[in-house]
1. So Ala105 clears everything in (1) closer than 20 Å to Asp30 by Cβ; (2) loosely packed, with under 15 Cβ neighbours inside 10 Å; (3) touching an Asp or Glu at 6+ places or on another chain (Cβ under 8 Å); (4) not polar (S, T, N, Q) except one condition, right? Which one?
2. Yes or no: Leu87 assigned by TED's automatic domain parsing to the domain that holds Ile114, in contact with a Lys or Arg (Cβ under 9 Å, 6 or more places away or on another chain), modelled with pLDDT under 85 and under 16 Å from His115 (Cβ atoms)?
3. Take the residues in region 48-97 that are in a helix (DSSP H, G or I) and touching a residue at least 60 places away in the same chain (Cβ under 8 Å), then tell me which one is surrounded by the fewest Cβ atoms within 10 Å (Cβ to Cβ).
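The values are calculated or read from the model by the stated rules, or taken from the named source; none is laboratory data. Every value quoted in this text rests on a predicted model; they were computed, and no experiment measured them. Reconstructed Cβ throughout: ideal geometry from the backbone, glycine too, with neighbour counts over all protein chains shown.
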Amino acid sequence: MAVQTMALREGIRKGPKNKRKYEFTPLIDDLIRLAYRQYRVYGNRQAISHCARKVEIPSWRIRLRALDLGLTRTKEPLWSDAEVVELERWGHLTDAVIQRKLKAAGFSRTIAGIHLKLKRLRIRQNLDGYSAYPLSEAFGVHSHKVGLRIRRKMLRATRRGTDRTEAQGGDSYWITHDAAREFVYRHPDEIDLARVKKLWFLDLVSAGRIGAH
């Protein structure tokens with residue numbers, strides 16, 4: 001209980017002139033989702049206010065967060081072709097960063113709306129590349145080893161533009177298929193064939209020709 005209370009309080013920060021600035025942690029977001037489920041499914045009208053008291057955040061701020069999480073019944077307008085183009089352009093970034101990219105291009109979308117559209121269009125499934133963790137699983141190594149190879153300039157990668165702090169491990173990497181294939185060709189001694197995902201590895205080194213005939 002003490003650990004949970006501490007995690008909840010991490011979402012509350014003091015702002016200018018002692019005004020509170022509310023930062024929502026994954027734990028708080030889960031509690032908000034649970035409250036809205038209790039309200040919708042079981043008709044518990046006190047669930048949201050109870051959640052607000054539990055996390056020590058005003059109900060009005062909880063409702064705004066619920067809107068961002070897609071928990072309200074607000075229906076978003078249809079996506080324009082221009083918005084979809086921006087979505088495909090920045091699809092490898094996090095939902096929050098995509099939201100900022102869309103805003104810079106003159107479009108306003110909730111994080112939940114962005115996440116749903118990405119899923120419906122299968123944009124992330126069709127992306128040319130991997131983040132560090134899925135690539136490490138495919139190679140059969142620890143994710144820290146992928147990061148080490150990137151820092152040593154053995155594996156080409158770009159940053160994804162996340163908001164992760166240094167304490168959280170910093171911004172995550174994005175590695176294209178070509179970069180992963182190039183790494184295999186240039187550093188074959190770094191590959192443990194007994195640990196890689198066999199079909200994935202064959203598909204990678206053959207540039208997708210495995211099973212094409």
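1. Unmet for Ala105, out of (1) closer than 20 Å to Asp30 by Cβ; (2) loosely packed, with under 15 Cβ neighbours inside 10 Å; (3) touching an Asp or Glu at 6+ places or on another chain (Cβ under 8 Å); (4) not polar (S, T, N, Q): (1).
2. On the way: assigned by TED's automatic domain parsing to the domain that holds Ile114: yes; in contact with a Lys or Arg (Cβ under 9 Å, 6 or more places away or on another chain): yes; modelled with pLDDT under 85: no; under 16 Å from His115 (Cβ atoms): yes.
When the stated conditions are applied, Leu87 does not pass them.
3. First, the residues of region 48-97 that are in a helix (DSSP H, G or I): 48-55, 59-68, 81-89, 95-97.
Adding the requirement that they be touching a residue at least 60 places away in the same chain (Cβ under 8 Å) leaves 96-97.
On the way: Ala96: 14, Val97: 17.
Restricting to residues being in a helix (DSSP H, G or I) and touching a residue at least 60 places away in the same chain (Cβ under 8 Å), the top hit is Ala96.
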